[in-house]
Amino acid sequence: MAKESIARNLMLLGLLKDGPKHGYEIKKLVDEVMSGFTGISSQSIYYPLKELEKKGFLTKTVGRSGKRPEKYVYSITEKGEEEFGKLLSKNLLIIQRPYLNLDLSLYFLHHAKPEAVKRRLASRLNGLRKVEKWIVDEQKNLQKNKSLHHMVVITEHMMEMIKLEINFTQRLLKQFT
């Protein structure tokens, strides 16, 4: 199984471990919470949900509330619980070299004009600082909401990575001043 499908299936089964959800609810969680640190988009959830259903990892029931249209509600099965455990263990052991789009630009940096590089790196540094501020704000919000304590670990990891990027970009910028 490819790393991408391990992560996607882990995410979908994990969201269902918290309780049954309809497709829109899953899509919303992916967009508003998960996409910030997984890189997985909600555009690609319905086919995987169908595949997980075929494999017996989840069930789909049709629900209707009042005069609203029917919607599918997904629930994790016992087999899905077992698969979730396997995927979680497997995913913890996946080690891949992190890469950023910046790496490609760095490879060709010798072709760029130093003044243009300097301006872009300064803009990049500004953007990284905005991300750092977002993480700080997110951590403050998470501290208020005790039910999301697991997200603190994620934001701590994100903060470590963004600090490294800020430091690297600052050092690189000094080479052009």
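Output the antiparallel fraction of DSSP beta bridges having both residues in the chain, as a percent to the nearest 5. If you can, show how the numbers build up before the last one.
On the way: 8 of 8 bridges.
Approximately 100 percent, going by the DSSP bridge assignments.
Can you list residues from other chains, or at least 5 along the same chain, whose modelled amide H is less than 5 Å from the amide H of Leu58?
Glu53, Thr77
So what does the Cα-only Debye profile of region 3-93 read at q = 0.19, 0.22, 0.26 Å⁻¹, as log10 I(q)/I(0), no solvent term?
Here the Debye-derived log intensity ratios amount to -0.84, -1.11, -1.46.
Taking the beta-carbon count within 10 Å as an exposure proxy, list Thr155, Thr77, Thr38 from fewest neighbours to most.
Values: Thr155 21, Thr77 17, Thr38 14.
Arranged by neighbour count, lowest to highest, Thr155, Thr77, Thr38 become Thr38, Thr77, Thr155.
Assuming 0.36 nm per residue, please report the length gained on full extension of the stretch Thr38 to Met161 beyond their Cα-Cα distance. Write down the numbers at each step before the final one.
Numbers: separation 123, 0.36 × 123 = 44.28 nm, distance 1.43 nm.
Gain in length upon complete extension: 42.9 nm.
Could you sort out which of Lys17/Lys54; Lys71/Lys144; Lys67/Lys144 sit more than 26 Å apart by Cα distance in this structure?
Numbers: Lys17/Lys54 18 Å; Lys71/Lys144 33 Å; Lys67/Lys144 37 Å.
Table pairs above 26 Å Cα-Cα are Lys71/Lys144; Lys67/Lys144.
Under the 0.36 nm per residue contour assumption, what length would be gained going from the current alpha-carbon distance of Glu82 and Lys174 to full extension?
28.0 nm
Using DSSP loop states and a limit of at most 11 other Cβ atoms within 10 Å to flag chymotrypsin sites (Phe, Trp or Tyr not before Pro), what is the longest stretch of the chain containing no flagged site?
Answer - 1-98.
Among Leu106, Met151, Leu173, which residue has its Cα furthest toward the positive end of the charge dipole of region 101-174, with +1 on Lys/Arg Cβ and -1 on Asp/Glu Cβ?
Selected residue: Leu173.
Since every read-out is calculated from the coordinates, none of them should be taken as a lab result. Here the structure is a predicted model, which is why all the values come from computation and not from measurement. No Cβ is skipped: glycine too gets one built from the backbone with ideal geometry, and neighbour counts run over all protein chains shown.
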